[in-house]
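The values are calculated or read from the model by the stated rules, or taken from the named source; none is laboratory data. All values reported here derive from a predicted model rather than from experimental measurement. So basically every Cβ, Gly included, is an ideal-geometry build from the backbone, and we count neighbours across all protein chains shown. Each accessible area value is taken on the protein alone, full model and side chains, heavy atoms only, with ligands, DNA and RNA left out. Shrake-Rupley method; radii C 1.70, N 1.55, O 1.52, S 1.80 Å.
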Amino acid sequence: MKNNLYEGVVIVILIVLAVAILNPMHFWMPDMMHESMLIVLLALFAGFAAFVMRERTGDERENMLRMFSGRVGYLAGATVLVVAIALQGFHGAADPWLIFALLAMLGGKLGARILTERS
(Lines give C-alpha, C1' and ligand atoms only; values in the text may rest on other atoms or scores of the structure.)
Protein backbone atom coordinates (compact mmCIF):
# COMPACT_ATOMS: atom_id res chain seq x y z
CA MET A 1 0.00 0.00 0.00
CA LYS A 2 2.84 2.38 0.86
CA ASN A 3 4.54 1.85 -2.51
CA ASN A 4 1.22 2.37 -4.30
CA LEU A 5 0.81 5.73 -2.56
CA TYR A 6 4.33 6.84 -3.51
CA GLU A 7 3.84 5.65 -7.07
CA GLY A 8 0.54 7.55 -7.29
CA VAL A 9 2.15 10.74 -5.97
CA VAL A 10 5.02 10.42 -8.47
CA ILE A 11 2.54 9.92 -11.33
CA VAL A 12 0.49 12.99 -10.34
CA ILE A 13 3.65 15.12 -10.09
CA LEU A 14 4.81 13.82 -13.49
CA ILE A 15 1.47 14.78 -15.04
CA VAL A 16 1.54 18.27 -13.51
CA LEU A 17 5.13 18.84 -14.66
CA ALA A 18 4.39 17.55 -18.17
CA VAL A 19 1.43 19.91 -18.51
CA ALA A 20 3.48 22.84 -17.19
CA ILE A 21 6.31 22.03 -19.59
CA LEU A 22 3.90 22.17 -22.55
CA ASN A 23 3.92 25.96 -22.16
CA PRO A 24 4.97 26.97 -25.71
CA MET A 25 4.44 30.75 -25.31
CA HIS A 26 6.43 31.08 -22.04
CA PHE A 27 3.44 32.36 -20.11
CA TRP A 28 4.25 30.59 -16.85
CA MET A 29 7.97 30.75 -16.36
CA PRO A 30 11.31 32.04 -17.59
CA ASP A 31 13.72 29.76 -19.40
CA MET A 32 15.72 28.88 -16.28
CA MET A 33 12.59 27.69 -14.46
CA HIS A 34 11.59 25.69 -17.54
CA GLU A 35 14.98 23.95 -17.66
CA SER A 36 14.80 23.18 -13.93
CA MET A 37 11.37 21.63 -14.42
CA LEU A 38 12.76 19.45 -17.22
CA ILE A 39 15.48 18.15 -14.89
CA VAL A 40 12.91 17.41 -12.18
CA LEU A 41 10.71 15.67 -14.79
CA LEU A 42 13.60 13.42 -15.81
CA ALA A 43 14.45 12.58 -12.20
CA LEU A 44 10.83 11.81 -11.33
CA PHE A 45 10.44 9.63 -14.40
CA ALA A 46 13.53 7.69 -13.36
CA GLY A 47 11.89 7.17 -9.96
CA PHE A 48 8.66 6.05 -11.61
CA ALA A 49 10.58 3.60 -13.79
CA ALA A 50 12.15 2.18 -10.64
CA PHE A 51 8.66 1.65 -9.17
CA VAL A 52 7.56 -0.16 -12.31
CA MET A 53 10.64 -2.40 -12.42
CA ARG A 54 10.42 -3.33 -8.71
CA GLU A 55 6.69 -4.04 -8.85
CA ARG A 56 5.85 -7.53 -7.58
CA THR A 57 2.58 -9.43 -7.58
CA GLY A 58 1.23 -11.67 -4.87
CA ASP A 59 -1.31 -13.85 -6.67
CA GLU A 60 -2.80 -14.53 -10.11
CA ARG A 61 -5.38 -11.75 -9.81
CA GLU A 62 -2.73 -9.12 -9.10
CA ASN A 63 -0.64 -10.49 -11.95
CA MET A 64 -3.58 -10.19 -14.37
CA LEU A 65 -4.32 -6.63 -13.22
CA ARG A 66 -0.67 -5.70 -13.71
CA MET A 67 -0.60 -7.18 -17.20
CA PHE A 68 -3.86 -5.43 -18.10
CA SER A 69 -2.63 -2.05 -16.89
CA GLY A 70 0.60 -2.55 -18.84
CA ARG A 71 -1.33 -3.32 -22.02
CA VAL A 72 -3.60 -0.31 -21.59
CA GLY A 73 -0.61 1.98 -20.96
CA TYR A 74 1.27 0.58 -23.95
CA LEU A 75 -1.71 0.91 -26.28
CA ALA A 76 -2.47 4.44 -25.05
CA GLY A 77 1.11 5.54 -25.70
CA ALA A 78 1.29 3.85 -29.10
CA THR A 79 -2.09 5.31 -30.11
CA VAL A 80 -1.01 8.84 -29.21
CA LEU A 81 2.22 8.42 -31.17
CA VAL A 82 0.48 6.99 -34.25
CA VAL A 83 -2.12 9.78 -34.25
CA ALA A 84 0.62 12.41 -33.81
CA ILE A 85 2.66 10.88 -36.66
CA ALA A 86 -0.42 10.80 -38.91
CA LEU A 87 -1.45 14.39 -38.11
CA GLN A 88 2.06 15.70 -38.65
CA GLY A 89 2.34 13.64 -41.83
CA PHE A 90 -0.78 15.33 -43.22
CA HIS A 91 0.78 18.75 -42.53
CA GLY A 92 4.21 17.94 -43.95
CA ALA A 93 6.87 15.75 -42.42
CA ALA A 94 6.42 13.93 -39.13
CA ASP A 95 8.82 14.69 -36.29
CA PRO A 96 11.50 11.96 -36.28
CA TRP A 97 11.34 11.74 -32.46
CA LEU A 98 7.75 10.54 -32.66
CA ILE A 99 8.79 7.77 -35.02
CA PHE A 100 11.80 6.87 -32.85
CA ALA A 101 9.56 6.70 -29.77
CA LEU A 102 7.08 4.41 -31.55
CA LEU A 103 9.91 2.21 -32.81
CA ALA A 104 11.37 2.02 -29.29
CA MET A 105 7.99 0.93 -27.90
CA LEU A 106 7.49 -1.67 -30.61
CA GLY A 107 11.08 -2.93 -30.34
CA GLY A 108 10.86 -3.16 -26.56
CA LYS A 109 7.60 -5.08 -26.77
CA LEU A 110 9.00 -7.49 -29.37
CA GLY A 111 12.30 -7.92 -27.51
CA ALA A 112 10.56 -8.64 -24.21
CA ARG A 113 8.25 -11.12 -25.91
CA ILE A 114 11.17 -12.98 -27.51
CA LEU A 115 13.16 -13.06 -24.24
CA THR A 116 10.24 -14.33 -22.17
CA GLU A 117 9.35 -17.04 -24.68
CA ARG A 118 12.95 -18.32 -24.70
CA SER A 119 13.05 -18.58 -20.90
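Remarks
- Residues located in the range 56-94, provided they are of a type outside the set (A, V, I, L, M) and in contact (Cβ under 8 Å) with a residue 24 or more places away in the chain: Tyr74, Gly77
- Pairs where the first residue, in the range 105-118, is over 13 Å from Gly70 (Cα atoms) and the second is open to solvent by less than 100 Å² (accessible area, probe 1.4 Å) and not aromatic (Phe, Trp, Tyr), C-beta under 9 Å, 6+ apart: Leu106/Ala78
- Looking only at the range 56-74, residues that are open to solvent by less than 100 Å² (accessible area, probe 1.4 Å) and over 25 Å from Ala101 (Cα atoms) come to 6 in all.
- Qualifying residue in the range 92-108 (condition: under 13 Å from the mean Cα position of the chain (by Cα), exposed (fewer than 11 other Cβ atoms within 10 Å of the Cβ) and in a helix (DSSP H, G or I)): no
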